[in-house]
Amino acid sequence: MARKIPQTDFGAIAVRPPHAVAGQRIGVMGGSFNPAHDGHRVVAETALKKLGLDQVWWVVTPGNPLKSTGGLAPLDERMAQCRRLARGRQMKVTSFETALGTPYTAATLGFLRRRFAGVRFVWIMGADNLATFHRWQHWRDIAETMPIAVVDRPGWRLKSLSGEAAQLLAGRRIDEADAVSLATRQPPAWVFLTSRLSPLSSTALRSAAGRDQP
């Protein structure tokens with residue numbers, strides 16, 4: 001039996017994502033950002049440019065449900081790191097997911113689609129996330145909710161494109177040359193974006209700092 005997507009109070013006044021108006025194209029890039037680094041900035045800026053987005057929202061999550069939160073830095077600290085990297089007025093850093101009371105991406109994206117019915121959202125992820133996307137809670141529902149932009153990461157292109165999720169969604173992939181149309185397409189639809197590759201990763205930075213937890 002299919003597991004029901006966690007629901008929340010989609011009309012809650014306490015949930016305050018960034019401002020958006022109908023017709024805008026907005027990329028949503030979620031993660032624990034523990035810590036945030038140049039690779040995240042490259043992913044956000046690549047998506048902003050190649051998808052023709054009006055904004056990119058950095059959604060700093062309370063924690064990743066697939067990982068331990070034992071070594072997770074305080075939310076305020078991770079927010080501050082993101083703000084130092086998210087340069088320009090088109091980049092918005094937010095922690096609204098905390099008020100939703102759920103760590104699951106499927107519920108978060110469902111909230112955004114209901115709150116901003118006229119906005120064209122795109123979910124943004126790095127290629128390393130695509131490789132394990134089939135393990136995410138309700139990943140098929142995520143693919144059905146928003147178009148997805150996958151941005152290349154060092155050493156992950158072949159692994160991600162040969163992964164289970166990429167193979168199952170192969171028929172819904174569009175060419176990178178058509179990336180600017182992604183936000184207007186009916187999901188499931190996705191694109192793989194090439195970019196400048198930053199060698200930095202949160203895992204490596206935590207290891208170097210003696211913090212092995214995500």
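Only the coordinates and a few stated rules stand behind these numbers; no lab work does. It should be emphasised that the depicted structure is a prediction, and the values quoted were computed from it without experimental measurement. Glycine gets a Cβ as well: all are built from the backbone with ideal geometry, and neighbour counts include every protein chain shown.
Label separation (residue 113 vs residue 89): 3.1 nm, computed from points 7 Å beyond Cα along the C-beta direction.
Partner aspartates and glutamates whose Cα lies under 13 Å from the Cα of residue 92, excluding those fewer than 8 positions away in the same chain, are identified as 45, 54.
Segment residue 99..residue 176, full-extension length gain: 24.2 nm, with 0.36 nm per residue of separation and the alpha-carbon distance subtracted.
How long is the gain from residue 196 to residue 19 if the chain were fully straight, where each residue apart is worth 0.36 nm and the alpha carbon distance is subtracted? Gain on extension, residue 196 to residue 19, equals 60.8 nm.
For the stretch 25-208, the extents of the C-alpha atoms along the principal axes are 39, 37, 32 Å, listed from largest to smallest. Take every pair of alpha-carbon atoms less than 8 Å apart whose residues are at least six positions apart; their mean separation over the length of the stretch 25-208 yields a relative contact order of 27 percent. Got a sec? Charge dipole of the stretch 25-208, +1 on Cβ for Lys and Arg, -1 for Asp and Glu; which of 154, 33, 165 is way out at the positive end? Sorting the options by dipole projection puts first 33.
Backbone amide hydrogens, once placed in the peptide plane, bring residue 91 within less than 5 Å of 56, excluding anything fewer than 5 places away on its chain.
Considering only beta bridges that DSSP places wholly inside the stretch 25-208, some 0 percent are antiparallel. Computed from the alpha carbon positions, the gyration tensor of the stretch 103-185 leads to an equivalent ellipsoid with semi-axes of 21, 16, 11 Å, biggest first.
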